[in-house]
Amino acid sequence: MRKVDARGDACPLPVVKAKKAIAELNGAGEVEVLVDNEIAVQNLTKMAQQKGCRSAAEKLAEREYRVLFTVGEPAAEEEKAPACAPDARTDTVVVIASDKMGEGAEELGKTLLKAFVFSLTQQDKLPKTILLYNGGAHLTCEGSPMLDDLKALEAEGVEILTCGTCLNFYGLTEKLAVGGVTNMYVIAEKMLNAGNVVKP
């Protein structure tokens, strides 16, 4: 049995750690995950359903939960298959037009967007392109808290393009640290030709 202690970890880390532990089983087995909130339990249970694993959750104490995954041979084979795919990219384009996600508290919005970009790195199927414009242009520049994740996506073949007009407007032209510079014509073209456009 593999044990994962994800207490204190923010979303989506408990799911990411559990997924990794399941993949490392290389066959049938069990993975025990400890978390400290009910939302994490729900997220782990949903992941188990998606992966075809059995799961059981129990509350051990105040702010302490245990989720047990039971993985069979077929589920393990399914887990291995995507890792061998030569190109995991889809025809999805992700567009990021701000340095935060959603409306409301600014600090929360920035935390959510950072979690979203990190979550992209953990997907079996990656977007083909990430387009960044307006406030999103800050994310590909020096000092961005998302640089490592964006560089990881670029290393996996994801095209990362930032609006040149936006970089110029914010005085960031010389600070671009990942991806390339693009223009509004290309942004419009890629969005129109995409199978799916995702805007967090």
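The values are calculated or read from the model by the stated rules, or taken from the named source; none is laboratory data. Since we're looking at a predicted model, the values are computed, not measured. We place every Cβ from the backbone using ideal geometry, glycine too, and count neighbours over all the protein chains shown. Only protein heavy atoms, including side chains, enter the accessible area calculation; ligands, DNA and RNA are left aside. Shrake-Rupley method; radii C 1.70, N 1.55, O 1.52, S 1.80 Å.
Would segment 10-31 turn up any residue that is part of a loop (DSSP other than H, G, I, E, B), open to solvent by less than 40 Å² (accessible area, probe 1.4 Å) and touching a residue at least 60 places away in the same chain (Cβ under 8 Å)?
Among the residues of segment 10-31, at least one is part of a loop (DSSP other than H, G, I, E, B), open to solvent by less than 40 Å² (accessible area, probe 1.4 Å) and touching a residue at least 60 places away in the same chain (Cβ under 8 Å), which makes the answer yes.
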Q: Provide a single number: the residues in segment 44-67 that are within 23 Å of the chain's Cα centre (by Cα) and in contact (Cβ under 8 Å) with a residue 12 or more places away in the chain.
A: 9
Q: Output the number of residues of segment 175-200 satisfying the condition of being open to solvent by 50 Å² or more (accessible area, probe 1.4 Å) and either closer than 15 Å to residue 139 by Cβ or touching a strand residue (DSSP E or B) at 6+ places or on another chain (Cβ under 9 Å) (or both).
A: 11
Q | Odd one out for residue 110, checked against (1) in contact (Cβ under 8 Å) with a residue 60 or more places away in the chain; (2) within 30 Å of residue 18 (Cα to Cα) | A | (1)
Q) Of 76, 97, which residue is modelled with pLDDT of 95 or more, among the small types (Gly, Ala, Ser) and surrounded by 13 or more Cβ atoms within 10 Å (Cβ to Cβ)? A) 97
Q: Just give me the residues in segment 155-190 being charged (D, E, K, R) and closer than 22 Å to residue 100 by Cβ, in sequence order.
A: 175
Q. Taking segment 182-196 as the region of interest, how many residues are touching a residue at least 12 places away in the same chain (Cβ under 8 Å) and under 23 Å from residue 169 (Cβ atoms)?
A. 7
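Every residue, every condition in (1) more than 28 Å from residue 51 (Cα to Cα); (2) assigned to a helix (DSSP H, G or I); (3) not hydrophobic (A, V, I, L, M, F, W, C), yes or no:
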| position | (1), (2), (3) |
| --- | --- |
| 120 | no, yes, no |
| 138 | yes, yes, yes |
| 149 | no, yes, yes |
| 166 | yes, yes, no |
| 171 | yes, no, yes |
| 174 | yes, yes, yes |
Q. Within segment 176-198, how many residues turn out to be among the β-branched types (Val, Ile, Thr) and part of a helix (DSSP H, G or I)?
A. 2
Q. Inside segment 113-147, can you point out the residues that are over 26 Å from residue 173 (Cβ atoms), touching a residue at least 40 places away in the same chain (Cβ under 8 Å) and hydroxyl-bearing (Ser, Thr, Tyr)?
A. 119
Q: Report, ordered by the first and then the second residue, all pairs with beta carbons closer than 8 Å, sequence separation of six or more or different chains, a first member in segment 163-180 that is under 18 Å from residue 145 (Cα atoms), and a second member that is exposed (fewer than 14 other Cβ atoms within 10 Å of the Cβ) and not hydroxyl-bearing (Ser, Thr, Tyr).
A: 175/142; 175/143; 177/142
Q) Within segment 159-171, is even one residue of a type in the set (D, E, K, R) and open to solvent by 80 Å² or more (accessible area, probe 1.4 Å)? A) no
**Q.** Answer residue from segment 35-73, given it is among the aliphatic types (A, V, I, L, M) and assigned to a strand (DSSP E or B) and is surrounded by the most Cβ atoms within 10 Å (Cβ to Cβ) among those
**A.** 35
